[in-house]
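A short worksheet on the structure shown next.
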Amino acid sequence: MPARPATPAAPGNAAAPMPLAVYVHVPWCVRKCPYCDFNSHHLRGVLPADAYVDALLADLDQDLTEQPPGTNSAAVSSIFIGGGTPSLLPAAAIERLLAGVAARLPVTPDLEITLEANPGTVERHAFAAFRAAGVNRLSLGIQSFDDTRLHLLGRVHDGAQALSAAEEAVAHFDRVNLDIMFALPGQSLDACLRDLQRALQFAPGHLSHYELTLEPGTVFARYPPDALPDHDLASDMRDASEALLANAGYHAYETSAYAASTAARARHNLNYWTFGDYIGIGAGAHGKRSRGGCVRRTAKLRSPQAYLGAAGTPGRIAMDTVVSGGELTGEFMLNALRLTDGFQESLLTHRLGPDAAQQARPALAEAVRDGFLDRVQGGWRPTALGRRFLNDLQGRFLP
Ligand SMILES: C[S@@+](CC[C@H](N)C(=O)[O-])C[C@H]1O[C@@H](n2cnc3c(N)ncnc32)[C@H](O)[C@@H]1O
Ligand code: SF4
């Protein structure tokens, strides 16, 4: 174990190690959806699964070689294989990837391993094979069960495929998340709720409910679709959805995330929202590592071809920056204020160091005074107003 630097409570060096997760990005999709700004590329030809897994493991080796001495991380508690469309990978490739990660890093006994899957890209037997490969949580990109909405979103699947994929998912996995979008072109409040009611028929442990956003650089940003719900309707949809899901026993523990129980919460995402560290491997993957009072953020090359060519070398890194001080407090707040229960002062101190709470106190007090935050036992919690105007609340902490 390397010696610890003198600043005992600096990020990553406090007595308790920094939680650590691994994110794996798979950058290919059957085709690109017009609203999507994730690093996903239209797959032409055959996915180079073996070469990509080799590149991912070489990338991880290089990340660990570059990790500075004194980095104080806990065992990995979650692996998230996201995309893009990771379910395009054969199960054997996923099994080799997972074995490779576990051979390089200590992992917790209850390691959460999530795979994102798209309806319409998986054969009937595939979910069983993913489960056998070690995946223990499936996140399914349903978006809607309505054929018209799916068509307008440019999805490769229809409502019938969404239903059968959800059925397969819950048949093979104890832990399932369904991604559903709302405020879709031409969508009524009733249609939004109908999508959720259909999702509830499968009793998934977790639901993610995202409002469609027009992301810069996407086809939808350039050519906005007709009949997009206005702000008031979108807001009504959010409120009615939360009420419907609460009635069905799902708690909105984060601004877009609902869980049927505490155990069903997404551990990987909770690590982001509680400002833990993560290693990001794969084309365009982001990483965050804390050390000595600051955070190093990295991003890998976005182009799959360029990444494959450079994966085991220092050249795989496209962005490398160090964040500290007020900027880091802003990043913490962007994440932690998304949580319905807010955060404890002890978390802020552990993640950012002993001075962080002192520095944030004036802005926190002002947010309490303005009705955006409640002071609760040992921490702060967004009020209903703070949750509704989350961007305004978060903005108060940005330098
Ligand atoms: C990066 S996607 C990956 C999952 C998978 N490829 C899929 O699309 O089904 C993760 C989720 O982000 C959500 N998402 C992507 N773009 C969005 C946008 N512009 N607005 C709202 N949600 C979006 C979708 O619900 C999607 O399932
Ligand atoms: S399938 Fe998912 S990742 Fe791929 S383009 Fe569509 S939204 Fe983006």
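The values are calculated or read from the model by the stated rules, or taken from the named source; none is laboratory data. Quick caveat: nothing in here was measured; it's all calculated off a predicted structure. Here Cβ is always computed from backbone atoms with ideal geometry, including for glycine, and neighbour counts include all displayed protein chains.
How many residues, within segment 71-130, are more than 16 Å from ligand 2 (Cβ to nearest atom) and of a type in the set (F, W, Y)?
2
May I ask you to list pairs of residues, at least six apart or on different chains, whose Cβ atoms are under 8 Å apart, with the first in segment 136-163 being more than 18 Å from P204 (Cβ to Cβ) and the second being within 12 Å of ligand 1 (Cβ to nearest atom) and polar (S, T, N, Q)?
If the second residue must be within 12 Å of ligand 1 (Cβ to nearest atom) and polar (S, T, N, Q), the pairs left are R149/Q143; L150/Q143; L150/S144; L153/Q143; L153/S144; R155/Q143; V156/N118; V156/T121.
Might you check whether a residue that is in contact (Cβ under 8 Å) with a residue 40 or more places away in the chain, within 28 Å of L111 (Cβ to Cβ), polar (S, T, N, Q) and within 16 Å of ligand 2 (Cβ to nearest atom) occurs anywhere in segment 259-275?
Looking through segment 259-275, none of the residues is in contact (Cβ under 8 Å) with a residue 40 or more places away in the chain, within 28 Å of L111 (Cβ to Cβ), polar (S, T, N, Q) and within 16 Å of ligand 2 (Cβ to nearest atom).
With under 25 Å from Y253 (Cβ atoms), surrounded by fewer than 22 Cβ atoms within 10 Å (Cβ to Cβ), in contact with a helix residue (DSSP H, G or I) (Cβ under 9 Å, 6 or more places away or on another chain) and among the aromatic types (F, W, Y) as the only criterion, which of F202, F182 stands out? Don't jump to the end; show me each part of the working.
On the way: F182 fails: surrounded by fewer than 22 Cβ atoms within 10 Å (Cβ to Cβ).
Testing whether each residue is under 25 Å from Y253 (Cβ atoms), surrounded by fewer than 22 Cβ atoms within 10 Å (Cβ to Cβ), in contact with a helix residue (DSSP H, G or I) (Cβ under 9 Å, 6 or more places away or on another chain) and among the aromatic types (F, W, Y) leaves just F202.
For the structure I just gave you, tell me whether V135 is near ligand 1 (Cβ under 10 Å from one of its atoms), β-branched (V, I, T) and part of a loop (DSSP other than H, G, I, E, B).
Working: near ligand 1 (Cβ under 10 Å from one of its atoms): no; β-branched (V, I, T): yes; part of a loop (DSSP other than H, G, I, E, B): yes.
No; evaluated as a whole, the condition is false for this residue.
For the condition among the hydrophobic types (A, V, I, L, M, F, W, C), in a helix (DSSP H, G or I), crowded, with 21+ Cβ neighbours inside 10 Å and within 15 Å of ligand 2 (Cβ to nearest atom), what is the one hit in L150, L56? Quick ask: steps written out before the conclusion?
Numbers: L56 fails: within 15 Å of ligand 2 (Cβ to nearest atom).
None of the other options fit; the residue is L150.
Just one of (1) of a type outside the set (V, I, T); (2) surrounded by fewer than 18 Cβ atoms within 10 Å (Cβ to Cβ); (3) touching a helix residue (DSSP H, G or I) at 6+ places or on another chain (Cβ under 6 Å); (4) assigned to a loop (DSSP other than H, G, I, E, B) trips up F145, so point out which.
Of (1) of a type outside the set (V, I, T); (2) surrounded by fewer than 18 Cβ atoms within 10 Å (Cβ to Cβ); (3) touching a helix residue (DSSP H, G or I) at 6+ places or on another chain (Cβ under 6 Å); (4) assigned to a loop (DSSP other than H, G, I, E, B), only one is false for F145: (2).
Of the residues that sit in segment 79-103 and are touching a helix residue (DSSP H, G or I) at 6+ places or on another chain (Cβ under 8 Å) and part of a loop (DSSP other than H, G, I, E, B), which one is farthest from F38 (Cα to Cα)?
Here the answer is P90.
Considering each of T329, T321, T349 in turn, give the residue that is in a strand (DSSP E or B) and either of a type outside the set (G, A, S) or without any contact (Cβ under 8 Å) to a residue 60 or more places away in the chain (or both).
Numbers: T329 fails: in a strand (DSSP E or B); T349 fails: in a strand (DSSP E or B).
Checking each option against the conditions leaves just T321.
Of L98, L88, which residue is closer than 19 Å to I279 by Cα and modelled with pLDDT of 95 or more? Give the derivation first.
Numbers: L88 fails: closer than 19 Å to I279 by Cα.
After applying the criteria, what remains is L98.
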